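Peer 1: Quick one: the structure is below, and I'll ask about it shortly.
The values are calculated or read from the model by the stated rules, or taken from the named source; none is laboratory data. Note that the coordinates shown come from a computational prediction; the quantities given were computed from them, not determined experimentally. Backbone-built Cβ (ideal geometry, glycine too); neighbour counts: all protein chains shown.
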Ligand SMILES: Nc1ncnc2c1ncn2[C@@H]1O[C@H](COP(=O)(O)OP(=O)(O)O)[C@@H](O)[C@H]1O
Ligand SMILES: [Mg+2]
């Protein structure tokens with residue numbers, strides 16, 4: 001594939017294939033089922049958004065792919081196939097060597113990734129430990145990448161410590177570090193949520209430009225629909241630990257198939273264009289994820305729920321060529337099960 005190709009062809013195997021992933025957190029009140037039967041593809045060279053209200057499992061999914069789960073987390077079923085290998089079956093060492101090489105991550109808070117007591121220079125040189133290059137060449141690459149992400153005077157600023165930069169500049173540095181290793185998959189967990197709207201726009205454009213140049217895929221977690229509409233090729237909508245709808249951004253934003261997606265979009269369609277900072281408020285609350293659930297997870301908040309929604313978990317139906325959703329109404333409307 002040519003690097004500058006803006007919309008690369010879908011290859012037979014997506015870069016990342018998550019299949020029927022189930023994950024529990026142990027808690028004093030019982031097991032929290034934070035991911036329920038999650039399946040998701042990230043095609044090579046594409047940007048896939050994950051949206052949903054707070055607590056829907058977006059970060060848990062991102063961290064599970066990265067292999068950065070806390071002690072109380074347990075994957076109970078499923079697979080995460082990345083570059084044709086199931087990450088869940090790799091040894092800890094094989095997994096570690098993928099990180100910072102084929103896989104890299106940008107966090108919501110840049111200080112999660114930066115070491116406060118070391119200079120940017122030493123951190124940016126260290127992150128290139130997979131590369132067979134000399135120190136001065138690594139330093140030059142780091143300066144070049146800082147320039148690309150818009151750090152003024154990178155030649156001298158590279159010797160500074162993280163606290164000598166503003167929050168927006170620190171996030172740019174994290175993007176530079178994450179992309180310096182030329183990963184095939186970049187995972188970004190709400191990387192612009194802590195920034196103001198103007199900075200957010202700049203960072204989104206920067207990510208899109210660098211993604212095109214490097215040819216990597218991005219899994220982009222956000223609760224901001226406007227950003228997803230602008231940045232992503234595909235989107236997965238998560239609700240209470242489940243992916244309720246996914247497919248091409250264009251299709252899902254024009255003709256949402258799931259009542260939850262519709263509720264997110266319909267509250268005020270104009271707000272999507274105006275870069276909504278937050279998801280609209282939908283009546284009712286995200287259900288507790290303790291214990292097993294019967295029926296459709298969204299039925300207590302769904303204005304269209306009928307008896308079947310209460311006792312039967314909906315399967316997946318094809319809404320358009322590149323769009324699927326889990327809702328009994330789609331069966332009623334005669335759509336084909338996948
Ligand atoms: N370390 C943890 N221990 C127990 N429960 C957790 C932990 N991390 C997240 N959860 C729970 O998992 C669910 C999903 O959380 P999260 O993935 O952070 O959602 P999101 O990123 O969509 O806001 C929430 O109910 C949250 O309380
Ligand atoms: Mg989160």
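Peer 1: Go through the range 162-172 and give me each residue that's assigned to a loop (DSSP other than H, G, I, E, B) and at pLDDT 95 or above.
Peer 2: Of all residues in the range 162-172, those assigned to a loop (DSSP other than H, G, I, E, B) come to 165-166.
If the condition is that a residue be assigned to a loop (DSSP other than H, G, I, E, B) and at pLDDT 95 or above, then 165 is the only one that fits.
Peer 1: What is the residue count in the range 134-161 for residues that are part of a loop (DSSP other than H, G, I, E, B) and either in contact (Cβ under 8 Å) with a residue 40 or more places away in the chain or exposed (fewer than 13 other Cβ atoms within 10 Å of the Cβ) (or both)?
Peer 2: 8
Peer 1: Hey, any hits in the range 13-20 for a residue that's out of contact with any helix residue (DSSP H, G or I) (no Cβ under 8 Å at 6 or more places or on another chain) and at pLDDT below 95?
Peer 2: Yes, that holds for at least one residue.
Peer 1: Within the range 176-221, can you find the residues that are within 16 Å of ligand 2 (Cβ to nearest atom), in a loop (DSSP other than H, G, I, E, B) and at pLDDT 90 or above?
Peer 2: Listed by number, the residues that qualify are 190, 191.
Per-residue answers, yes or no, for (1) over 19 Å from residue 220 (Cβ atoms); (2) assigned to a helix (DSSP H, G or I); (3) within 16 Å of ligand 1 (Cβ to nearest atom):
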{"residue": "39", "(1), (2), (3)": "no, no, no"}
{"residue": "56", "(1), (2), (3)": "no, no, yes"}
{"residue": "59", "(1), (2), (3)": "no, yes, yes"}
{"residue": "65", "(1), (2), (3)": "no, yes, yes"}
{"residue": "68", "(1), (2), (3)": "no, no, yes"}
{"residue": "71", "(1), (2), (3)": "yes, no, yes"}
{"residue": "96", "(1), (2), (3)": "yes, yes, no"}
{"residue": "114", "(1), (2), (3)": "yes, no, no"}
{"residue": "121", "(1), (2), (3)": "yes, yes, no"}
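Peer 1: Then there's this: Restricting the search to the range 240-251, which residues are under 17 Å from residue 53 (Cα atoms) and either out of contact with any strand residue (DSSP E or B) (no Cβ under 9 Å at 6 or more places or on another chain) or more than 16 Å from ligand 2 (Cβ to nearest atom) (or both)? Give the derivation first.
Peer 2: Pass one, the range 240-251, residues under 17 Å from residue 53 (Cα atoms): 240-246.
Passing the criteria: 244, 245, 246.
Peer 1: Test residue 57 against the stated conditions and say whether it is on the phi > 0 side of the Ramachandran plot and in contact with a helix residue (DSSP H, G or I) (Cβ under 6 Å, 6 or more places away or on another chain). It would help to see each step written out before you state the result.
Peer 2: Numbers: on the phi > 0 side of the Ramachandran plot: yes; in contact with a helix residue (DSSP H, G or I) (Cβ under 6 Å, 6 or more places away or on another chain): no.
Answer is no for this residue.
Peer 1: Let me ask another. Of all residues being part of a helix (DSSP H, G or I) and within 16 Å of ligand 2 (Cβ to nearest atom) in the range 222-234, which is nearest to the chain's Cα centre (by Cα)? Just the residue, please.
Peer 2: Here is the first cut: in the range 222-234, the residues part of a helix (DSSP H, G or I) are 225-231.
Among the residues that remain, those that are also within 16 Å of ligand 2 (Cβ to nearest atom) are: 225, 227-228.
Working: 225: 13, 227: 12, 228: 10 Å.
Result: 228.
Peer 1: Among the residues of the range 74-96, is there at least one that is touching a residue at least 12 places away in the same chain (Cβ under 8 Å) and either closer than 27 Å to residue 165 by Cα or within 16 Å of ligand 2 (Cβ to nearest atom) (or both)?
Peer 2: no
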